Amino acid sequence: SDSDMWKNPGQFEAFAKNFYGWTRDFGGLGDAHGDVQADLFSTNPKNIFSNGTSTIPLTDKSYTDAYANLRQVNLLLQKAESYSLPEGIKVPVGEAYFFRAYIYFDLLQRFGGVIKVEEPLDITSPELRMSRNDRSEVIDFVIQDLKDAAEVLPETITTDDEGRISKWGAYAFLSRVALYEGTWQQNRNNEERGKALLSIAADAAKKVIDSKQFELFKPAALGEMAYKYLFILENVQSNPANLTKSANKEYIFYRRHDETIAPIGTNITHGCVANVQYINRKFVNMYLCSNGLPIDHAKSADVFKGYGGLTTEFENRDNRMKNCLLAHGTKYWDNDKPRIDWKGMDGEDATNAITCNVFQGSGYQNQKWGTERKVADTFEGYDFPIIRYAEVLLNYVEASIKLGEGDAESKLNEIRDRAGLDKFDAAVVGHDLWEEYQFLG
């Protein structure tokens, strides 16, 4: 009961741990932020977003669930105000600030302005009958909560607390929020407001970069396929180099999974690999050429090899294309036909190798999120990234370019290097850094 709660730091910590179940996860790939609700791929039969028959629902559970969760966050913050030893509960308080911001940012993306609530509501609370707050009020509220969270959250997360939010996670998320809203405002000719928000985004991203706690995942042992294995790392062998999750310094905030104690719980491999998802050409054409330019750019005329053969469009392309997609004839493995000795076609793996046939499905086949090891369906144990260091670098680059300040070029080249793209050089490519960022973004 409430009278037995809020007596010691352990009770605040236990209550705050519930908040982590609200983040995005593998089971939400079809939610409002998921690719299923885009026009980049479909399923068989075509879903309502691909065939154009989706309609606006009369109710939205994402709205009511958000306010139910906000009540819990506000309850913790309310009880913390009267707790006699605030230093002992500063971490769960910081987590409450972060998750309130997380929820409100999601609401803002879905609905624009929403009702701002700072304390747990009762059946007589006036907020139940309020008009929506202006979106600028909501975003300022989110930004302040993230700043307050960063002030009290720990700078480092111990092994026992892996997956919890840190100071840098709050700043990383702040860079996302401020860049999103700053760009939104600029696109509506609110230049002064937009620049103020972009400054917040650049500053928050720079704090994460300067912490030197994170780096892009690109171990030499995995070569140009590192990006593929980043998303399926487990603490059992899940890649040819036998790297485990400890090698991943790119995930800043993530949802933890483990085959034994917290399996993914959704049929991620069989639900993603090969011809299950009908990827369309619009999506595939977004991958850049190796020169860092789009396939239809004038300077890509001799680089992009076109569609004359079954695999020609994979030539001279961004590494991420072959890390995420299967070209015709590619050998691959899944949890039914797994690797055996992790030596590829030079070892016993060859006996289980499956050959990609693009004539099954849309002509393009996916391999992202698919394990290569033997594991029961739904029991894969890789983590779901909520915010990665790669995004923070790009947030910094975009905000800095729009502001005309900062070291955007070197940060952009870090991303280009992992993708196997030539380094940016304005004299060579013939355009400025802003045009270049638009291509990569």
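The values are calculated or read from the model by the stated rules, or taken from the named source; none is laboratory data. Everything quoted here is computed from the prediction, not taken from an experiment. Cβ: placed from backbone, ideal geometry, glycine included. Neighbour counts: every protein chain shown. To get the accessible areas, we keep the full protein, side chains included, count just its heavy atoms, and leave off ligands, DNA and RNA. Shrake-Rupley method; radii C 1.70, N 1.55, O 1.52, S 1.80 Å.
Computed quantities for the displayed model
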read-out: Heavy-atom accessible surface of the chain: percent carbon and sulfur, 1.4 Å; value: 49
read-out: Mean Cβ count within 10 Å, highest first, over the residues of peptides 265-271, 96-102, 64-70, 82-88; value: 96-102, 265-271, 64-70, 82-88
read-out: Ranked by how many other beta carbons lie within 10 Å on average, peptides 282-290, 306-314 from highest; value: 282-290, 306-314
read-out: Alpha-carbon centroids, the range 287-340 and the range 23-88: separation in whole Å; value: 33
read-out: Calculated FRET efficiency for the pair GLU87/ASP422, C-beta based, R₀ 51 Å, to 0.05; value: 0.50
read-out: Label-point gap, in nm, between VAL276 and ASN357 - each point 7 angstrom along Cα→Cβ; value: 1.9
read-out: Flagged links, alpha-carbon separation over 25 Å, of LYS61/LYS282; LYS206/LYS402; LYS249/LYS423; LYS17/LYS79; LYS343/LYS374; LYS167/LYS322; value: LYS61/LYS282; LYS167/LYS322
read-out: Spatial separation of Cα centroids for the range 110-186 and the range 231-273, in angstrom; value: 28
read-out: Segment ASN189-MET225, length gained on full extension (0.36 nm per residue, minus Cα span); value: 8.8 nm
read-out: Theoretical FRET efficiency, 1/(1+(r/R0)^6), r = Cβ-Cβ of LYS374 and ASN18, R0 41 Å, to 0.05; value: 0.75
read-out: Kyte-Doolittle mean at least -1.0, axial Cα span of 27 Å or more - DSSP H helices of the chain; value: 61-81, 90-111, 167-186, 191-211
read-out: Label assignment, Rg and Dmax of the Cα atoms in Å derived from the structure, set (i) 27.7, 88; (ii) 21.3, 65; (iii) 23.2, 73; value: (iii)
read-out: Residues in the range 329-368 reached by a label modelled at ASN242 [backbone nitrogen below 15 Å; 7 Å Cα→Cβ]; value: 340-344
read-out: Electrostatic dipole magnitude of the range 240-344 [Cβ: Lys, Arg +1; Asp, Glu -1; Cα centre; debye, to 20]; value: 120
read-out: Surface per residue (accessible, 1.4 Å probe) for the range 45-193, Å²; value: 53
read-out: Potential lengthening between LYS212 and SER136 on full extension [0.36 nm per residue; Cα-Cα distance subtracted]; value: 24.1 nm
read-out: All aspartates and glutamates inside 19 Å of LYS305 as judged from Cα atoms, apart from same-chain residues fewer than 8 positions distant; value: ASP296, GLU313, GLU315, ASP318, ASP422
read-out: Mean separation of Cα contacts under 8 Å (6+ apart) over length of the chain, as relative contact order %; value: 16
read-out: Trypsin sites (Lys or Arg not before Pro) within the range 9-76, DSSP loop, no more than 14 other Cβ atoms inside 10 Å; value: LYS46
read-out: Amide H partners (placed H, <5 Å) of ARG317, local residues excluded; value: SER290
read-out: Residue-averaged [θ]222 nm for the chain, counting only DSSP H segments that reach four residues, each worth -39500 (n - 2.57); value: -11500 deg cm²/dmol
